[in-house]
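The values are calculated or read from the model by the stated rules, or taken from the named source; none is laboratory data. Note that this is a predicted model, so its numbers are computed, not measured. As a convention, Cβ positions derive from the backbone with ideal geometry for all residues, glycine included, and neighbour counts pool all protein chains shown.
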Amino acid sequence: MSQPSPMITDEQLSAEGLELRNHGQVLLIACGALAREILALTKANGWTHMDLQCLPAIFHNEPEKITPAVKAMIERSRAEYAEIFVVYADCGTGGQLQRLCDDMGVSMIAGPHCYSFFEGNAGFEAREELTCFYLTDFLVRQFDAFFWRPMGLDRHPKLLDMYFGNYTTLVYQAQIQDPALEAKAEECARRMGLTYQYRFTSYGDLAVALTSLAD
Amino acid sequence: MSDQEDDIILSELNDEDLVAQMFDDLYDGLKEEIVEAVNLLLGRDWAPYRVLTEALVGGMTIVGNDFRDGILFVPEVLLAANAMKGGMAILKPLLIATGAPRVGKMVIGTVKGDIHDIGKNLVGMMMEGAGFEVVDLGINNSVDSYLDAIEREGPDILGMSALLTTTMPYMKVVIDTLIEKGMREDYTVLVGGAPLNEEFGKAIGADAYCRDAAVAVETAKEFMARKHNRMAANA
């Protein structure tokens, strides 16, 4: 995989996605919110045979766009690659993404959301945390763009209770250790009126899934 | 929509202009103004049911249509709903006291494991506006919670809501239990929530999937009409 431009920003990953193709054998079709984590893993492990195509991370807020966009990308790319792997969890598609991958003979990472597979799906499920709101590194950085502004909380703070009245805790699942991000996540919890919990997950099942493609 | 809000004195408007202003105020999510206007109309001897249907529901219909058409978004709809809630708080006891027509009764709640109740709350409020009696079971409901409520309340409609892909299969657990107990045909089951679709609704044996609150109301009315027709035919 060619190395990412140092100029790539979270805003670009959110709105446009990312294309890093260098004649690899495996194409990863991923959410833009996972770009930095996938690149960190491919770089650390020397997985030069993996190319990366990220779709706009803002699809997180419009999950109905994910399945058709992944489908289009698979159709566009499948002739060029020996293998395609979809690095999206279900992400609110109601099982449609899994059905698409099954129909098209493509594998995808397991789990309901990235914050499940970052922690490890089994461990995440076992916690049965109904009232937790999760942020990853990317979502901490993009908190205002992904939550605060689209939910109108910058303009109408009185909506806070309607959105988050049933939540108790903000869990920051950290992929890397970064005091600045920790401070920001804690500030997000304060703004939402939730208690704060820090949980270092590293890459969890994402690392496991990508390692299996390297074998 | 109403930049000149400060210049308008609601009590000085005639009925027609006041209702038109209420449409604007609902659209803008102005709860205090809606409360004031509802009280004004009641003071002018409007029946509570007329205030509800002509002013509040009329205004929320515009909000619902603009949401469906991508002109309004969730925050604005929630503000409008909050304003309507203010009006409903005044009207609800009066509607009961005056014996306003009741279209049907619905029990509604989010399924076990799911605390996301924005959609459920919107549906409940719009159903009340459409003349349904709504029993809100709140969030995180088990099969037993639904069954207890059904036996206690005797509703026409059971509504289930879920936001998570992981919780939506629980709707089938509830429906299967109704089938096991021979109760399924006694109720209309409506389901909704962001990750659901029509195919899922059919697969789990619901009567209908409702993509938003407005559709839920129309679907509920349709099923109530069918029920009344069946009852009339069997009479």
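Checking A:E75, A:E83, A:E119, A:E62 one by one, the residue that is out of contact with any Lys or Arg (no Cβ under 9 Å at 6 or more places or on another chain) and more than 20 Å from A:L27 (Cα to Cα) is A:E62 and no other.
Is the stretch A:76-94 home to any residue that is of a type in the set (A, V, I, L, M, F, W, C), in contact with a Pro (Cβ under 7 Å, 6 or more places away or on another chain) and either within 21 Å of B:H116 (Cβ to Cβ) or at pLDDT 95 or above (or both)?
Yes, that holds for at least one residue.
For the stretch A:143-165, enumerate the residues that are more than 8 Å from chain B (Cβ to nearest Cβ) and among the small types (G, A, S). Result: A:A145, A:G165. Note on the stretch B:38-77: among residues that are among the acidic types (D, E) and free of Cβ contacts under 8 Å to residues at least 40 places away in the same chain, the one that is farthest from B:I90 (Cα to Cα) is B:D69.
Meeting the requirement of 1 or more residues that are modelled with pLDDT of 95 or more and more than 13 Å from the chain's Cα centre (by Cα), the strands (runs of 3 or more DSSP E) wholly within the stretch B:118-235 are B:188-192. Taking the criterion of being crowded, with 19+ Cβ neighbours inside 10 Å and either more than 23 Å from A:G120 (Cα to Cα) or of a type in the set (V, I, T) (or both), the residues of the stretch A:136-151 that qualify are A:T136, A:V140, A:F146, A:F147, A:M151. Filtered by the rule that a residue be within 14 Å of chain A (Cβ to nearest Cβ) and of a type in the set (S, T, N, Q), the stretch B:153-204 gives B:S161, B:T165, B:T166, B:T167, B:N197. Counting residues in the stretch B:208-215 that are touching an Asp or Glu at 6+ places or on another chain (Cβ under 8 Å), crowded, with 20+ Cβ neighbours inside 10 Å and either of a type in the set (F, W, Y) or within 14 Å of chain A (Cβ to nearest Cβ) (or both) gives one or more.
Within the stretch A:12-65, the set of residues being more than 18 Å from A:A79 (Cα to Cα), charged (D, E, K, R) and over 14 Å from the mean Cα position of the chain (by Cα) comprises A:E16, A:K43, A:E64, A:K65.
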